[in-house]
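S.K.: Structure provided below as structure tokens; questions to follow.
The values are calculated or read from the model by the stated rules, or taken from the named source; none is laboratory data. Predicted model, so just to flag it, every value in this text is computed and none were measured. Cβ placement follows ideal geometry from the backbone for every residue including glycine, while neighbour counts extend to all protein chains displayed. Note: areas computed on protein heavy atoms with side chains; ligands, DNA, RNA excluded. Shrake-Rupley method; radii C 1.70, N 1.55, O 1.52, S 1.80 Å.
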Amino acid sequence: MPTPSPASVLDLAPVVPVVVVEDAEDAVPLARALVAGGLPAIEVTLRTPAAPAAIRAVADAVPEAVVGAGTVITPEHVTQAVTAGARFLVSPGWTETLLAAMRASGVPFLPGVSTTSEVVALLERGVREMKFFPAQAAGGTAYLKSLAGPLPQARFCPTGGIGPASAPDYLALPNVGCVGGSWMLPQDAVAARDWPRVEALAREAAGLRP
């Protein structure tokens, strides 16, 4: 599978699982469960020491997955993630320094925004695919709907506070390609390594697009 463009990352599946890996040994069976459930784009957040090894393991052992790195907030994170095999990058926000590093990485990236000015600034720089974060706290579907009129060229992956009940409302918006979330990865199921349950929840999430 070729490395996707940011637009095709948004279009791979209606939901991008946001994964926090505590034990790198869980990464491969977890990724296989998500892919089997219909969610091939997987964002492994750089919030734990295990994250780089988890990205590397998924990249090596689960070729049908499109593994990316989330919580990318420094140029060092960019280098770490790409070296580990990340095929896309996701940040909760952006600065000129971070944007330059993500551009130079050679892999697709989704910089985070939460205001109209940030969206316009990225559009000026040729970036049209973005993460909207924190989605619920920053205005939710009403805010994104209001952006679609003046800024129809911007497309978003809203993340933050979204669950199976609210995801369809986001996915119905014309400027939303997918949503990010972790509800298909309940802590008890991951702790118990109940991968069939994760797969079942992923399959439900994959069917949420209206």
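S.K.: Per DSSP H run of n ≥ 4, the term is -39500 (n - 2.57); total these for the chain, divide by its residue number, and report the mean residue ellipticity at 222 nm rounded to 500 deg cm²/dmol. Provide the component values of the computation, followed by the final result.
M.R.: Numbers: 10 runs with 87 residues, N = 210.
Here the helix-only value at 222 nm equals -11500 deg cm²/dmol.
S.K.: Moving to a separate point now. Taking the Cα centre of the stretch 52-210 as the origin and placing charges on Cβ (Lys, Arg +1; Asp, Glu -1), which of P150, P92, V58 is farthest toward the positive end of the dipole?
M.R.: P150
S.K.: Would you work out what percent of the accessible area of the stretch 70-210, with all protein chains in place, is carbon or sulfur (probe 1.4 Å)?
M.R.: Details: 3450 of 6150 Å².
Here it works out to 56 percent.
S.K.: Does the stretch 82-140 come out rounded, prolate or oblate by the C-alpha gyration tensor, with a ≥ b ≥ c the root eigenvalues, rounded set by a/c under 1.5 and, if not, prolate when a/b is larger than b/c and oblate if not?
M.R.: Details: a/c = 2.44, a/b = 1.51, b/c = 1.62.
Oblate shape, in that a/c is at least 1.5 and b/c is the bigger or equal ratio.
S.K.: Find the centroid of the Cα atoms in the stretch 89-133 and in the stretch 3-61, then give the distance between the two in whole Å.
M.R.: Result: 20 Å between the Cα centres.
S.K.: Using only Cα positions of the stretch 1-80, each an equal point scatterer, no hydration layer, compute I(q)/I(0) via Debye at q = 0.14, 0.16, 0.17, 0.19 Å⁻¹ and quote the log10 values to two decimals.
M.R.: Taken in order of the listed q values, log10 I(q)/I(0) reads -0.41, -0.54, -0.61, -0.77.
S.K.: Could you give the radius of gyration (one decimal) and Dmax (whole number) of the Cα atoms in the stretch 28-120, in Å?
M.R.: Using the Cα atoms of the stretch 28-120, the pair Rg, Dmax is 13.4, 41 Å.
S.K.: To continue, here is another question. Using a 1.4 Å probe, what is the accessible area per residue for the chain, in Å²?
M.R.: Numbers: 8650 Å² over 210 residues.
Heavy-atom accessible area per residue stands at 41 Å².
S.K.: So, by mean Cβ neighbours within 10 angstrom, what's the order for 186-193, 77-84 with the highest one leading?
M.R.: Values: 186-193: 13.1, 77-84: 20.0.
Per-residue Cβ counts within 10 Å, averaged per peptide and sorted highest first, yield 77-84, 186-193.
S.K.: Moving on. Which whole-percent values make up P(r) of the stretch 117-206 when all C-alpha to C-alpha distances are grouped in 5 Å steps starting at zero?
M.R.: 3, 14, 23, 20, 14, 11, 8, 5, 3, 0
S.K.: Is the stretch 47-95 best put as rounded, prolate or oblate by its Cα gyration tensor, with a ≥ b ≥ c the root eigenvalues, rounded for a/c under 1.5, and otherwise prolate when a/b is larger than b/c, oblate when not? Spell out each step's value before the answer.
M.R.: Numbers: a/c = 2.20, a/b = 1.73, b/c = 1.27.
Because a/c hits 1.5 or more and a/b exceeds b/c, the stretch 47-95 counts as prolate.
S.K.: If you don't mind, there's one more thing I want to ask. Assuming a ≥ b ≥ c are the square roots of the Cα gyration tensor eigenvalues, decide whether the chain counts as rounded (a/c under 1.5), prolate (otherwise, with a/b larger than b/c) or oblate.
M.R.: Values: a/c = 1.87, a/b = 1.23, b/c = 1.52.
Oblate.
S.K.: Okay, next question. What does the highest-first list of 27-33, 124-130, 200-206 look like by mean Cβ count within 10 Å? It would help to have the intermediate numbers written out before the result.
M.R.: Working: 27-33: 22.6, 124-130: 16.1, 200-206: 19.6.
Per-residue mean Cβ counts within 10 Å order the peptides as 27-33, 200-206, 124-130.
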